[in-house]
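Step one of this worksheet: look at the structure below.
The values are calculated or read from the model by the stated rules, or taken from the named source; none is laboratory data. Please read these numbers as outputs of a predicted model, since none were measured by experiment. For neighbour counting, all protein chains shown are included, and Cβ atoms are generated from backbone atoms with ideal geometry for every residue, glycine included. These accessible areas exclude ligands, DNA and RNA; they are computed on the full protein's heavy atoms, side chains included. Shrake-Rupley method; radii C 1.70, N 1.55, O 1.52, S 1.80 Å.
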Amino acid sequence: MAASQSFKFSNIKISTSLRFISISSNGHSFTVSYLINKCGFSTELASRASSYVHFETPEKPDSLFVFLENHGFSRTQILNLIKKRPRLLVCDTEKTLLPKIEYLHSLGFSRPELAKILSSYPTLLMHSLKNQIIPNFNLLRNLFHSDDKAIKAIKRFTPILVYDLESYLYPNMNVLRVIGVPESNILVLLNRQPRSLLYNPVRLKEIVEEAERMGFDPSTKMFLSVVIALKSMTKSTLEKKFDVYRRWGWSDQEIHEALRRHPLCMTVSEDKVMAIMDFLVKKMGYSSTLIAKQPSILRKSFRKNIIPRALFARELLSQGLVNDLKLSVLFDTSEKVFIRMFVDRFVNKAPELLKLYKEKLKISEKKQTLEVS
């Protein structure tokens, strides 16, 4: 009798387990199918997402599509949002999403702006409105004394609304204050490049001290430009870039002077620097020191700007149409100004110049195409 009851009980347990497995399997299968067919997921991505997003009917995920469409999201934006944060498919749109969208809209974000921002950074919708989003906006508004500037900073770097500002923003602002950066310059940086102040405070302090050692004055706007340039690379990367310039005969003082003139020259890759220097110094005969005094050249397009203009300038010199060409005039002018100054100006004396310049451009573009292929 006992054995019979035990057998029945075991059968009940097995039956229940099998039914649970069947339901789970069907639910998993439905989730994967929905993600593939409705959301455009690959099979692999859908399978991974289904391990933490689970639904057995389409009602809740469908409600997200309807909700977002009603708030001005395009289908492409909706699919981008879901691929980045599949968990949103099972959230309560009225309780979780609506209050955040209404709050952001009340601040001054338009519906199209919100659709663009949230489809790019849907993580914002998963954070607390009361504990993170509202306090962070209020903090930014108080710093700027302006809703408009706070909104502009958010548009430039939306994650600032959910960052731990007490652990990053405040300490970094203090690092800059202590070394002598004016408050007005700090706020300009926060408004234009908020991400720069949401950085490891210890590392930022090292960068700031390095910029000061190079001789930059913290009270100037140039100082922050240098800090931004240095922040974009590690110490070893920076040293490698310095070594590239030293290879072309630049002294450390010339390197620092170049950085002072155009801080972003340090963000140019070593390969590009080598290519430009090799072409201008070895092939065109320009002095390496001369380029050190005009480092903005290194940020120009090698194929679309430097090669065609340098070759064209050589033609002008060989024909005696010009005696000398400053690097700044040759490479730092817009295309329209360059043609007016060096092509249209001599069109009567040498009517073939425009054709010649266009040929130089084509040769340069052809070389670039061959290199890419």
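When nucleic acids and ligands are ignored and a 1.4 Å probe is applied, Arg246 ends up with an accessible area of around 80 Å². Net charge of the neighbourhood of Pro182, taken over other residues with C-beta under 13 Å away and scored Lys/Arg +1, Asp/Glu -1, is 0. The reciprocal of the average 1/r between distinct C-alpha atoms defines the Kirkwood hydrodynamic radius, which for the chain equals 26.1 Å.
Residue by residue, the range 285-296 carries 3J(HN,Hα) couplings of x, 6, 6, 4, 5, 5, 5, 4, 8, 9, x, 4 Hz when phi is fed to the Karplus relation 6.51 cos²θ - 1.76 cosθ + 1.60 (θ = phi - 60°); x denotes Gly or Pro.
Positive end of the dipole of the chain (Cβ unit charges, origin at the Cα centre): among Leu316, Gln253, Phe55, the Cα lying farthest that way belongs to Leu316. To the nearest ten degrees, helix 235-247 and the longest principal axis of the Cα atoms of the chain are 20 degrees apart. Glu69 contributes an accessible area of around 100 Å² to the protein surface, as traced by a 1.4 Å probe with all chains present.
Projecting the Cα atoms of His105, Leu176, Asn142 onto the dipole axis of the range 105-184, where Lys and Arg carry +1 and Asp and Glu carry -1 at the beta carbon, places His105 farthest toward the positive end. The C-alpha atoms of the chain define a longest principal axis, and helix 2-37 lies at about 30 degrees to it.
Stokes-Einstein diffusion for the range 149-279 at 10 °C, viscosity 1.306 mPa s, with a Kirkwood radius from C-alpha pairs, works out to 101 µm²/s.
If the segment from Arg247 to Asn37 were pulled out straight at 0.36 nm per residue, it would be longer than the present Cα-Cα gap by 69.9 nm.
Ranking of Met126, Met274, Met266 by solvent-accessible surface, largest first: Met126, Met274, Met266 (1.4 Å probe, protein heavy atoms only, all chains present).
Here the peptides 106-112, 71-77 are ranked by packing, the mean other Cβ count within 10 Å, and the order with the highest first is 71-77, 106-112.
At full extension, Asp332 and Ser301 could sit 10.1 nm farther apart than now, given 0.36 nm per residue minus the alpha carbon distance.
Summed over the residues of the chain and divided among them, the accessible surface reaches 54 Å² per residue at a probe radius of 1.4 Å. Working from Cα pairs under 8 Å separated by at least six residues, relative contact order for the chain is 8 percent. Beyond 29 Å between alpha-carbons counts as too far, so tell me which of Lys149/Lys240; Lys116/Lys205; Lys272/Lys336; Lys83/Lys149; Lys326/Lys355; Lys149/Lys272 fall in that bin. Result: Lys149/Lys240; Lys116/Lys205; Lys83/Lys149; Lys149/Lys272 exceed 29 Å.
The Ser63 and Lys152 beta-carbon pair, evaluated with R₀ = 41 Å, returns a calculated FRET efficiency of approximately 0.80.
In the chain, helices alone account for a calculated mean residue ellipticity at 222 nm of -19000 deg cm²/dmol, with every DSSP H run of four or more residues adding -39,500 (n - 2.57).
Where does helix 201-213 land angle-wise versus the long Cα axis of the chain, in degrees 0 to 90, nearest 10? Taking the Cα atoms of the chain, the angle to 201-213 is about 10 degrees. With all protein chains in place and ligands, DNA and RNA left out, the 1.4 Å accessible area ranks Thr158, Thr43 as Thr43, Thr158, largest first.
If the label point is 7 Å along Cα→Cβ of Arg111, which residues in the range 57-87 have backbone nitrogen under 13 Å from it? Under cut-off, by backbone N: 67-74.
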